[in-house]
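Below: the structure, in structure tokens.
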Amino acid sequence: MPVISEGLKEAVRLLVTLDPEVMGITLRTIQVSGTGTLISVLIGIPVGAFLALKTFFGRGFLVSLVNFGMGLPPVVVGLATWLALTRYGPLGMLGLLYSPTAMIIAQAIIASPIVAGLTLAAIQSVNPKLRLQMIALGATKFQYLLLNLWEARLGILAAVIAGFGGVISEVGASMMVGGNVRGYTRVLTTSTVLEVSKGRFELAAALSFILLTLTFMIVWILSYLQQRGKRP
Amino acid sequence: MSKKRFALALTACFFFMSVSVLPSFAEDSQKKDIILATTTSTVDSGLLDVLLPVFEGQTGYRVKTISVGTGQALAMGEKGEADVLLTHAPDSEKKLVDSGVVTNYQLVMHNDFIVVGPSEDPAGIKGKTSVDAFKAIAEKKAIFISRGDDSGTHKKELGIWKKAEVTPKGETWYQETGQGMGATLLMAAEKSAYALADRGTYLAQKANLKLEILSQGDPSLLNIYHVMEVNVEKFDKVNAPGAKAFVEFMVDPKTQEMIGGFGKDKFGEPLFFPDAGKNK
């Protein structure tokens, strides 16, 4: 497959020469997906922890809702966000459509249930005897929460990784609400789609390699944090 | 102790993620943004990549190009979701002009549609007129790849089927992609199938395609592009000055010269022929 080897060469060339357009696209990808993930973490971890530690009426239903949300198709989120943000839509006065902010909103919606669902599962798999012990030793509510989060840290980082992986690889929603505007909302996934439809496969392959490298580097850092001091 | 370290690690990773966010997403005044709804061919051929930086440099506007089929582009205009349209389906555009949805309707350029197919030409359409070619394709049940996306090219294609008195919809040899011109041509090449394409996109991608021009030149295959402003009197959120500036830019003699020269160096022939001012 000459396209793959040419693409790899092209990717190296673009990275080494710091091609301004590709650098811009890459940086924007980190910005958008990083912020999207950050927001989803701020929403997902508290929601997950709340559902894991509290018992109340309707909890079961909410848990199914979160688990259902983990499989939300990005295009559906994209369409809903698009409809909400159009000029004459309910949030049209914000003028956010076809902007990075719109993409961040969509990505945060996609990733939040993933982070919440996996956080919930992680905290629930903390040994219940440990919980009893925490209470018996007189932990305040806040300490109780922190200890639970601490015990579930591996799973929570896995939740963050999964959320990030979900949004950085996503193309449908980004295309719809971002519009793939050059130099503004064009990210690695949407520009790959564009280059394919232009028939420039080498460049598309190169962008794919850059996306894979970027994702790997970020996940590698997160995994390092997760695995630090852990020996099997 | 280690709890602190964990918190620190988490903070560090958040920080890492958001460092690059600092350049801020402050939405600079929307007055500087123009939403241009256009057909995929102007983007996939690379024409707008050449024109837009010049326009943006001259005027300071930022053009948000939304490349969709002409049908969807016109629909965006009808809902006031775009400021300016650059499309190629004169019959459909006429309706918008008549209903006052768009104003300042200007002829920009033309090229032509061509029927492409594999060099073996199983249906033997070479040299035939488009209508006869379509009849032959239907008779032989040779695979035909259609845009199927209500784009200008798709509308034109449906018009030819009508003239050929063939109803291809639902036939197994008639496949609709629902995608842009570039993607549709790629599929046609992969399947050794026939397709109707605009010459610009075909030439721009010729190197990747094992497809030849088999039928061309009849007057009904003319592909005419117009630019138009979405009427601010109907949609108050339209960026009227920006749209006006864009229309003026597209018909400006200097821009017209760039359009005429676009692609000459790469493909040996122009992809588009400037027409501004000729009005019909």
task = Might you let me know whether segment A:7-26 holds any residue that is under 30 Å from A:Leu147 (Cα atoms) and either among the small types (Gly, Ala, Ser) or open to solvent by 50 Å² or more (accessible area, probe 1.4 Å) (or both)?
result = no
request  = Would you check if A:Thr192 is crowded, with 18+ Cβ neighbours inside 10 Å and free of Cβ contacts under 8 Å to residues at least 24 places away in the same chain?
outcome  = yes
ask   = Among A:Gly58, A:Gly48, which is open to solvent by less than 40 Å² (accessible area, probe 1.4 Å), away from every other protein chain (no Cβ under 14 Å) and over 24 Å from the mean Cα position of the chain (by Cα)?
value = A:Gly58
ask   = Do we find that A:Met175 is within 27 Å of A:Val76 (Cα to Cα) and either surrounded by 23 or more Cβ atoms within 10 Å (Cβ to Cβ) or under 23 Å from the mean Cα position of the chain (by Cα) (or both) in this structure?
value = yes
task = Considering only segment B:172-209, state which residues are surrounded by fewer than 16 Cβ atoms within 10 Å (Cβ to Cβ), modelled with pLDDT under 90 and part of a loop (DSSP other than H, G, I, E, B).
result = B:Gly178
ask   = Mind checking which residues of segment B:210-223 are touching a Lys or Arg at 6+ places or on another chain (Cβ under 9 Å) and open to solvent by 20 Å² or more (accessible area, probe 1.4 Å)?
value = B:Glu212, B:Ile213, B:Gln216, B:Ser220
Selection from segment A:67-84 of residues that are in contact with a helix residue (DSSP H, G or I) (Cβ under 6 Å, 6 or more places away or on another chain), in a helix (DSSP H, G or I) and open to solvent by 20 Å² or more (accessible area, probe 1.4 Å) = A:Asn67, A:Pro74, A:Val75, A:Trp82
remark   = Per the list (1) outside any helix (DSSP H, G or I); (2) more than 13 Å from chain B (Cβ to nearest Cβ); (3) touching a residue at least 40 places away in the same chain (Cβ under 8 Å); (4) of a type in the set (Gly, Ala, Ser), residue check on A:Gly138 breaks on (3)
key: Residue list for segment A:174-232, filter: assigned to a loop (DSSP other than H, G, I, E, B) and over 25 Å from A:Thr17 (Cβ atoms)   = A:Gly179, A:Arg228, A:Gly229, A:Lys230, A:Arg231, A:Pro232
key: Tabulated pairs, segment B:32-60, first assigned by TED's automatic domain parsing to the domain that holds B:Val232 and without any contact (Cβ under 8 Å) to a residue 24 or more places away in the chain, second assigned to a helix (DSSP H, G or I) and hydroxyl-bearing (Ser, Thr, Tyr), C-beta under 7 angstrom, 6+ apart or interchain   = B:Leu48/B:Thr42
ask   = Among B:Glu229, B:Glu157, B:Glu165, which is acidic (Asp, Glu) and either surrounded by fewer than 17 Cβ atoms within 10 Å (Cβ to Cβ) or within 14 Å of chain A (Cβ to nearest Cβ) (or both)?
value = B:Glu165
key: Residue that is farthest from the other protein chains (Cβ to nearest Cβ), among those in segment A:85-102 that are under 26 Å from A:Ile25 (Cα atoms), assigned to a helix (DSSP H, G or I) and out of contact with any Gly (no Cβ under 8 Å at 6 or more places or on another chain)   = A:Leu94
message = Considering only residues that are surrounded by fewer than 23 Cβ atoms within 10 Å (Cβ to Cβ) and within 13 Å of chain B (Cβ to nearest Cβ), which ones fall in segment A:143-154?
response = A:Gln143, A:Leu145, A:Leu146, A:Leu147, A:Asn148, A:Trp150, A:Glu151, A:Arg153, A:Leu154
query = Here is a list of conditions, (1) more than 30 Å from B:Met228 (Cβ to Cβ); (2) under 17 Å from the mean Cα position of the chain (by Cα), and B:Gly127 meets all of them except one; can you say which number that is?
reply = (2)
note = Of the residues in segment B:68-85, those that are surrounded by fewer than 24 Cβ atoms within 10 Å (Cβ to Cβ) and either under 14 Å from the mean Cα position of the chain (by Cα) or part of a helix (DSSP H, G or I) (or both) come to B:Val68, B:Gly71, B:Gln72, B:Ala75, B:Met76, B:Glu78
key: Matching residues in segment B:28-42 - criterion: being in a helix (DSSP H, G or I), facing chain A (nearest Cβ under 8 Å) and open to solvent by less than 20 Å² (accessible area, probe 1.4 Å)   = B:Thr40
inquiry  = Residue pairs, Cβ under 7 Å, 6 or more apart or interchain, first in segment A:72-92 and more than 15 Å from A:Met176 (Cα to Cα), second open to solvent by 60 Å² or more (accessible area, probe 1.4 Å) and of a type in the set (Asp, Glu). List them.
reply    = none
ask   = Is at least one residue of segment B:122-138 in a strand (DSSP E or B) and crowded, with 22+ Cβ neighbours inside 10 Å?
value = no
ask   = Of the residues in segment A:45-90, how many are among the basic types (Lys, Arg) and in contact with a Lys or Arg (Cβ under 8 Å, 6 or more places away or on another chain)?
value = 1
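The values are calculated or read from the model by the stated rules, or taken from the named source; none is laboratory data. This structure is a prediction, so every number in the text was calculated from the model and none was measured. Every residue, glycine as well, gets a Cβ built from its backbone with ideal geometry; the counts of neighbours run over all protein chains shown. The protein model used for the area step is the full one, side chains on, heavy atoms only, and it has no ligands, DNA or RNA in it. Shrake-Rupley method; radii C 1.70, N 1.55, O 1.52, S 1.80 Å.
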